[in-house]
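The values are calculated or read from the model by the stated rules, or taken from the named source; none is laboratory data. The shown structure was predicted, so the numbers you read here are calculated from the model rather than taken from an experiment. Every residue, glycine as well, gets a Cβ built from its backbone with ideal geometry; the counts of neighbours run over all protein chains shown.
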Amino acid sequence: RPATENIRILTESSYFLGKDKSKFLYLLCASGDFVKVYSVNTEETLRLMGGHADLVTGIQLNPHNHMQLYSSSLDGTIKLWDFMDGIPIKVSSLGFYLHLHFYPLSGPHSSVLLLVSDRFFFLWSDTFQLVSVKLTKGAGQDLESKELSVVLDGVGASVKHIAFGREGAYVVSVKDVTLQVYFFKRKLLNRFSLSTVKTKGGDNRFSCVVCHPTEDCIATGHADGKIRLWRNFHHRKEYTYSTLHWHHDIVMDLAFSVEGTRLLSGGVESVLVQWHNESSCQKDFLPRLGSPIEYISMSSDGALCCTLHTDNRITIINSNLRFSRSIQGLIKSRDVKTGLVVDPRTKALVLNGEPGHLQFYSLQSDQQLFSLDIVQRQYIHQAGLKQSDLVKVAFSAQGTWLATVEESEEVTDPELQLKLWFYSEETQSFTLNTRINTPHDNHITDMCFRDMDELGDDSLILVTTGRDCVFKVWVMVEDTDPEGKSAHESVSWSCDFVGSYHNYQATNCCFSEDGSLLAVSFEETVTVWDSLTWDLKCTFCHPPGNIRNICFGRLTCSKYLIGATDYGFLCCWNLLTCALEWSAHLNIVVLQPDPLSEHIAAVSWLSKESSLFVFKPNEPRPLYIQRNLCKEKILLAAFVPRDEPETISSEKYLWLRKSQLFFLTDTQELMTLSTKSLEERLTPSSKQLAVEESLPVTPFSLLLGKHRHQQAQEDTDLGKPVVHNKQEQASPAVKELLHTPAHVLPSASFLCTIFINSLLISKENKSAEEVADEVEMESEKADGDSDEEDVTVMEQEDTSPMELLGEMTCKLSKSQEKELRKIRKMDYSWIAAF
Amino acid sequence: MVASGTGTQLAIGCEDGSVKIFQVVPGGIQFERNLDRRKGRVLCLSWHRSGTHIVAGSIDFFRVIDVASGQTVQRIMVNHQVEKAKRECVVWAIALLSSGTVVSADSFGRVQFWDWEQGTLAESHTVSTSAALSLAVSEKEDSIVVGTSTGATYQLQLLPVKLGGLEKCWVRTKPFQFHSHDVRAVAHSSTALISGGLDAQLVIRPLMEKVQKKGYDAVLRKFTFPHRRLVSCARKARLLLFQFSQYLELWRLGSTEETGKDGEVLPPCRMPEHLVQLKSKGPEHIYCSCVSPCGTWVGYSTASRFQLYRVRCDGDGVSLRKVPKVPKLLPPAYQLQFSADSESLFVASARGSVHVFQLLEPGGCKHLHTLQPPSGCSEAVYLLAPSADGHWLAAVSGDWAIHIYNLKCFQHHCVVPAYSCAVSALAIHPSTNNLVIAYSDQQLFEFSIPEKQYTSWSRAVQSRGLHRTWLERDSPITHITFNPKNPAHILLHDTYLLCILDKSLPLPDDSTLLMNQSTLKQLPETARKRQLHAFKICKKFQPLLFMDLLDENCLVVVERPIMDFKTQLPLAVQQKKFGT
C-alpha cells in the first residue's frame, strides 16, 4: 500500500529549544505525526522523527538526559528518542489512552510521567484526567505500563492548561474559570474559582497557565486578555493575585524566562509582550509578528525564545526582544480561496499565505520562497471586520504574467479588483502592470490564461468568469504613448470580449491545450467557444446538476472535455462528435489534469472519506484508484512537474512519473502520494544528514561527497531501488578515521588499505535475479491490491467484475503462482522496453 | 502631622524643613522641641513604632531622624538612579516599618523599600505611571495600600517567595480603580482598604480573605455623602437650612396651588427663595446646624464655637441677628436640635451630656439644665430626638447607648437595650411616643418610651426578619419622620430611597419583591390588595439628602445631583483608555 505523506500544519504542537554541548541549537517541534528537529542556526530541518501512528500531542526533553526526548501521541504510545540520531530508544504503549500530554518529572519522582488522558473513553463529556504513570526502567521497543494513578480530575485537554511548579513540587491545571493546584508532597488540592460573570467585556475563562521557575508564582492567561499572577496559593483563603492587562483579546500563551524575571505573553494581536518583574508599568513589545501567536517557548539557556504562529511559522527571537529568524513552512491561511496553483517558473506551490499575500512554497525544501503582497493593505486582526482578501490567482504558461483577483468579504457588494503582474527579471519578482477595478459586477468564479507556449506574449489571453452571468476576455494592448517605457510597461490589459449564455451564471472556464477552444460552464451547461472569433461552437450538458469542474484532455486525449456535476456525475464529451463518450456516477469535488500527460486526477468525497481516481479521458476505466485516501475532505489538488522523471518500479504509479500529485484538505493539510514507504523515505535522509554534519568542509570531504553522489547516480541509472548498504558499510571506517583524534590514530599506512577499501564498490551479494524476484513480489502484491480495488469501485461499463472478485479470494497452488510470476516477469520486460 | 505609636507625642513637619515635637497633654498639646532642620519642605512623616526614629519625606530625598538626639542619622536620595533627574521627585508618603524598612511613595509612581541603616534600596515597584500620593500599612505590616493620582489604589503584600519558605518579598497584588481623581488618603484596617479621594468619595474595599463571615463588612462600600443630616427644615415656616462646610444657606420653599396626577411637574406659583447665606468665621468647618420649627432661630457649631442667630422676616427682607451671650460650651455642640414648640434648644455635648437651653424672646438664651446618663459616659452624644409633646428626649452617644430623658423633670427615664450597631437615625412618634430607631446594619426597632420596652410590632419585625434586599442596602437611614394623619406610617430615607413603612400592612418575605411599586401600579385594584406589603419604596430621587413631611399633604425632598459637584472638580489625570 502506498504511504501517504502528511505535511501537517502545526496546529496542535508544543516545542522547545534544546541545546547540546557543541553549541549547536536544536529546535524540536511536534508536527502532525512527526517530531521535527530544526537547526536554530540554519533554520533547516535536520531530522524528521516518524513512527507515531497518530498526531503527536506533546514532546518533552528527558530531564535526566538532555539529548533524549519523550514524545506522546494520540496513538497511545510514548516514545523516548535520541533526537541527535533520530532513533527511538524506548516505546511505551499505554493502550487505552486516546489523548495524552505528558510531563516527565525530575527529582524524587524519577521516571514518572504525568499524562492527560481520557482514560475511560469519555469522549463525549471531554473529561480529561491527569494521570501519573511509572515507566519501566528497561529499554525495549514495546513496553506496557500499567502502574497508573490519577492525580487530577477534570483537567483541560490542551498542553497549555497544565503546568508544573518549581522543582515539580506541584502541578497546576486550569479549565474554564477554575484553577487547581495539587501539591505532591502534602497531597493537598486547592481549587480557586473566578467569577463566571462577564462584566464590562471581562471574561475570566483561563486560556493558559505557566509557573515561575524559581518562585512559587503561577501566571495564567485569560480570555479577555488579562494575565493574573497568583501567589500564596497554598492558602485556600489568603491566596492573592495581581493582574497585568495589555492584550485586548485572549492570551494565547505565556512563558517565563529562565530566571523568572521576565514574562512573555502573546495573543491574536501578533505582538509579543515582555513584562519585567511582574510589573504592569515595565513592558516591552515586539510588534508586527505577522500572525497570531499560538505558543511561546524559551530555550533552556534563556538566550532565545521562539513563538509559534497560527499560520504555521516559528519565529526565533533574541533575549533582547529582537527578531532573529523564522522557520517557515507552508503558511496556513484562514481560507485557501485561490486554489493550489503551480508557479511554472519555480515549480513552487502558490496559494493564499498571510492575509492579502500570495505565498510561493517550495515543496522540495519545505520552505516559503517568498510572499507577494497582493492586496497591499494593512491587515487588522479584529473579529467581524470586513477586509479584502485574495480569491483567485492564475499564471501564464511561462510564468511571466500573474493575474490576481481580490475581493472584500462583503457578501452583497464585493469590491473586486483584478490585478495583472509582470515578472521582472531585474528585480526577480512580480511588478504590478494593470489594475482593473470592478472587472465583474459580482464575484469572479474562475480565471484562466490561454496557455500557448510557442506563440509568445501576443497570443496571451485572460478569461474571467463571474456570477454576473458573463465571461470576459482580457487582452494586452499597446499604450499609445510608449515614451520612456520598457516593452512590458508599455502594455496594459483591457477587456476584449464579453460573452454570456442565456443569462446563466458563469462558473468555470478552461482553454484547450492548443488554445483554440475555450470551454465556459454556465450552471448546467458547458459552452465551447472558438478563441479566435469568439463564436459559440457547441454546448454540452448532463442534467440535472450544475457543472462543478471542467477540463480539457491533453496530448493524445485533447479531443475530450471532462466535466463533473453537482449531482455526482463525471462526464467525458468528445469534441469531434459532440457527443457524450462516457460518464460515471461519482461525486467529484476536485478535477485536476496533469499538464505533462494525459492523466486526469479526480477526487471524490463520499460518506466522510476522500477517494482518488486517476484516468485517461479516452478510457472509461480508471488507471488507479485509491479508496479512503484520507478522512478529511480534500478541497484542492495540484500536479507539480518533477524536475526529472522519477523511476517508478510499479506499473501502478507510472502516472506519477512526470509529476507529483498534491492535495490540500479542509484542515489545510498538504498531502502527497508517495511511491515509497515511510521508512524508505525517512531513513536514508536522516542518516545522510548525520554523516554530512559531522564532516568539516575540506577538499577531502568534497571529494567524498562527490564520490558518494556518483554512487547514488549509478544506483538510479540501474533503475532499481537504491541499495544503501554499501554506504553504510563504508561510513564506519570513514567516520572512525575522521572522528578519532590525530594523536591516537594508527599510522597512515595501516589506515590506507581500510580507507581505500571503503571507497571501492563492493560486489553485490545478491544475484541480479534475486533482486528482480523481490521487486516482482512487491509489484505483484501491489497489483493484487489494485485489482481488488478496481473490482469494488468500478460502476462503469465493465464486463466481469463479479467473477474477478471470486477468483481473487480462492488460493492458488505454489506451482501456479510461480507460473503466474513468470508471466508477469515477461509482461514487465515488455513495458520496460517501451 | 503624625502622632507617635503611644499617642504621647506629636510630630509636625514644616515647610521650612524642620520637624517639631509636641507633647500631648490632657486638654491640649505642648511644644517640646525642634528636631534637626534641613533645607527642603517636609511633606510626610512617619514614626517608628518604638518612637525612637522619625522618617521625614521631602522633595528628592527623605531623612531618618533620631528622636532622642534630634539628629538626622540618614539622608537618602530617592531619584538617584533615575535618568530623568531633571524632574524633581516628590516623596508624597512615607512609612517606617518596625523592621527598619522605610517605604516611600513618590511622584514617579514608585513604591520603594529601603534599608535606612545601610541606605540601600531593597525593592522598587512602579505601581503607576502617575504619582503615588498616599500610603498606609496594615497592623501586621504585611500589607500596604497605595493611592495614586489616577484614582487607582494598589495593594502590596509581603508574600513568601517559596511556599513555606522564610524569604519574603513585596508583591503588588490587587489594583482597585474606584476613584476618578487623586486618592489623597488611604487607610488599612484589618479587613478592608479604605481610600478617600479628591472626587469626594470614601471607598471601603473589603479584603475578602480576611472577612470571616458574609455580612455588612464583605461588600464594597462607596460613600459620597456623610451619613449625617445636612439639611434641617422649619416645618411651620417652610424654611430649609442647608449646611455647607463653611457656610449655611436659608431658603424659603416655593409653593403651588395647582393639583395634578402622579408624575406630573406642577408650575410653582411662588418660586423658592434664597433668603440668606451665613458664613462662619475662620477656617473651621461647620460641624452641625439646625433651624427651629418656627423658623426664627438658627444655630450652628464649629469645632470651637457655638453660634445662635435670631431670624427676622419683615416683608421681603430677612435679617439675622446674633444672639448675644450664648453660654460658652467646651467642647462645642456635636448636634443641635430645637424642640417642637421652638422654645428650647438641645445641644449634644461631650461625655454623654445634653445641654438644654431656653430660648427667650426677643433674642436671648439661657442654660436651663444639663442631662447626663446616670452611669456616666465617655463618648459624646451625636444624635438627638425630642418628642413632639416636649415630654421626652432621646440621645445617642458614641457608645451606641440610647438614653431617654424626661424633660418635664429633667430626669433620666430609661435606656434602650443595647444593640451591637451604630444608630443612624431615630425619632419619637408624635402621638404614641414610640421611639423608632434605625441602625447602621439596616435593622429597625420601635421602642415604647412610656412602657420602656420594645413594641409588639418591633418584636414581630425581629422575629420575622426584614427583607433581604432591605438588609443588603448600601447606605444607612439618615432621617425618620411620621405622618400625623396616619400614625401607622413611618417615613424613612437614605441616600438612594425614601420609604413609607406602613405598620398596618404585612411584612414582605424574601420571596416577594421589595420594590414593588411599579408592578403594583400595573395590577388591577383587587390583585393590588393582595400584593401590598409594609415597605413602599420610591427611588425616584437620587442621591437624596433630606426628606420631611411639611404638613399633611406636603413632602419636601432635597436631592443633590452628583453631576452638580462632579463638574466642579478639577480635571482628572489624562489617561489613555484602550478603544477610545
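Brief remarks follow.
- B:SER245 assigned to a strand (DSSP E or B) and either more than 25 Å from B:GLY151 (Cβ to Cβ) or out of contact with any Asp or Glu (no Cβ under 7 Å at 6 or more places or on another chain) (or both): no
- Here B:ALA460 fulfils each of the conditions (1) closer than 20 Å to B:SER504 by Cβ; (2) aliphatic (A, V, I, L, M); (3) buried (at least 20 other Cβ atoms within 10 Å of the Cβ) apart from (3).
- Qualifying residue in region A:16-26 (condition: crowded, with 20+ Cβ neighbours inside 10 Å, at pLDDT 80 or above, part of a strand (DSSP E or B) and aliphatic (A, V, I, L, M)): no
- Residue selected from region B:102-125 under the condition buried (at least 20 other Cβ atoms within 10 Å of the Cβ) and of a type in the set (Val, Ile, Thr), by the criterion nearest to B:ILE76 (Cα to Cα): B:VAL102
- Conditions (1) surrounded by fewer than 22 Cβ atoms within 10 Å (Cβ to Cβ); (2) in contact (Cβ under 8 Å) with a residue 12 or more places away in the chain; (3) more than 14 Å from every other protein chain (Cβ to nearest Cβ): number failed by A:ASN320: (2)
- Subset of region B:164-190 (residues that are surrounded by fewer than 17 Cβ atoms within 10 Å (Cβ to Cβ) and within 14 Å of chain A (Cβ to nearest Cβ)): B:GLY164, B:GLY165, B:LEU166, B:GLU167, B:LYS168, B:CYS169, B:GLN177, B:SER190
- Every pair of residues 6+ apart whose Cβ atoms lie under 9 Å, when the first sits in region B:65-93 and is on the phi > 0 side of the Ramachandran plot while the second is modelled with pLDDT of 90 or more and outside any loop (DSSP other than H, G, I, E, B): B:GLY70/B:VAL19; B:GLY70/B:ILE21; B:GLY70/B:ARG33; B:GLY70/B:ASN34
- Within the option set B:PHE108, B:PHE31, B:PHE22, being closer than 30 Å to A:HIS276 by Cβ and either in contact (Cβ under 8 Å) with a residue 60 or more places away in the chain or aromatic (Phe, Trp, Tyr) (or both) holds for one residue only, B:PHE108.
- Single match in B:LEU407, B:LEU384 (criterion: surrounded by 15 or more Cβ atoms within 10 Å (Cβ to Cβ) and under 27 Å from the mean Cα position of the chain (by Cα)): B:LEU384
- One residue from A:GLY353, A:GLY290 being modelled with pLDDT under 85, away from chain B (no Cβ under 14 Å) and at positive phi: A:GLY290
- Index of the failed condition, B:CYS294 passing every other in (1) touching a residue at least 40 places away in the same chain (Cβ under 8 Å); (2) part of a strand (DSSP E or B): (2)
- Screening region A:227-254 for residues that are among the aromatic types (Phe, Trp, Tyr) and under 16 Å from A:VAL172 (Cβ atoms) and picking the one that is farthest from the other protein chains (Cβ to nearest Cβ) gives A:TRP230.
- The residues of region B:555-580 that are free of Cβ contacts under 8 Å to residues at least 40 places away in the same chain, part of a loop (DSSP other than H, G, I, E, B) and either within 15 Å of B:PHE225 (Cα to Cα) or touching a helix residue (DSSP H, G or I) at 6+ places or on another chain (Cβ under 6 Å) (or both) amount to a single one, B:PRO561.
- Yes/no for A:ASP142 being of a type in the set (Asp, Glu) and at pLDDT below 75: yes
- Enumeration of residues in region A:165-181 that are within 32 Å of the chain's Cα centre (by Cα) and under 17 Å from A:SER132 (Cβ atoms): A:SER173
- Scanning region A:230-243 for residues that are in contact with a Phe, Trp or Tyr (Cβ under 6 Å, 6 or more places away or on another chain) and not aromatic (Phe, Trp, Tyr) gives a single hit, A:ASN232.
- Checked against (1) modelled with pLDDT of 90 or more; (2) away from every other protein chain (no Cβ under 14 Å), B:ALA85 passes all but a single condition, namely (1).
- Selection within region B:100-140: residues that are among the aromatic types (Phe, Trp, Tyr) and touching a His at 6+ places or on another chain (Cβ under 9 Å). The member of this set that is farthest from the other protein chains (Cβ to nearest Cβ) is B:TRP116.
- Residues that are over 14 Å from A:LEU570 (Cα atoms) and acidic (Asp, Glu) within region A:584-622 comprise A:ASP594, A:GLU598, A:GLU609, listed in sequence order.
- In region B:141-162, residue surrounded by the fewest Cβ atoms within 10 Å (Cβ to Cβ) [restricted to those that are within 13 Å of chain A (Cβ to nearest Cβ) and in a loop (DSSP other than H, G, I, E, B)]: B:ASP142
For every residue, the table says whether it meets (1) within 14 Å of chain B (Cβ to nearest Cβ); (2) of a type in the set (Ser, Thr, Tyr); (3) out of contact with any strand residue (DSSP E or B) (no Cβ under 9 Å at 6 or more places or on another chain); (4) over 30 Å from B:TRP170 (Cβ atoms).
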residue	(1), (2), (3), (4)
A:GLY267	yes, no, no, no
A:TRP275	yes, no, no, no
A:SER280	yes, yes, no, no
A:GLU294	no, no, no, yes
A:HIS309	no, no, no, yes
A:ILE314	no, no, no, yes
A:LEU330	no, no, no, yes
A:ARG334	no, no, no, yes
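- Qualifying position, being over 26 Å from B:ASP106 (Cα atoms), outside any loop (DSSP other than H, G, I, E, B) and more than 10 Å from every other protein chain (Cβ to nearest Cβ), among B:LYS222, B:LYS214: B:LYS222
- Against the criterion of being over 25 Å from A:LYS283 (Cα atoms), out of contact with any helix residue (DSSP H, G or I) (no Cβ under 9 Å at 6 or more places or on another chain) and more than 14 Å from chain A (Cβ to nearest Cβ), B:ALA200 does not qualify.
- Strands (runs of 3 or more DSSP E) contained in region A:216-318 and holding at least 3 residues over 28 Å from the mean Cα position of the chain (by Cα): A:218-222, A:226-231, A:240-245, A:262-267, A:272-276, A:283-286
- Counting the residues of region A:489-528 that are surrounded by 19 or more Cβ atoms within 10 Å (Cβ to Cβ), of a type in the set (Phe, Trp, Tyr) and in contact with an Asp or Glu (Cβ under 7 Å, 6 or more places away or on another chain) gives 1.
- Test for A:ASP224: is it closer than 12 Å to B:LEU163 by Cβ and either without any contact (Cβ under 8 Å) to a residue 40 or more places away in the chain or facing chain B (nearest Cβ under 9 Å) (or both): no
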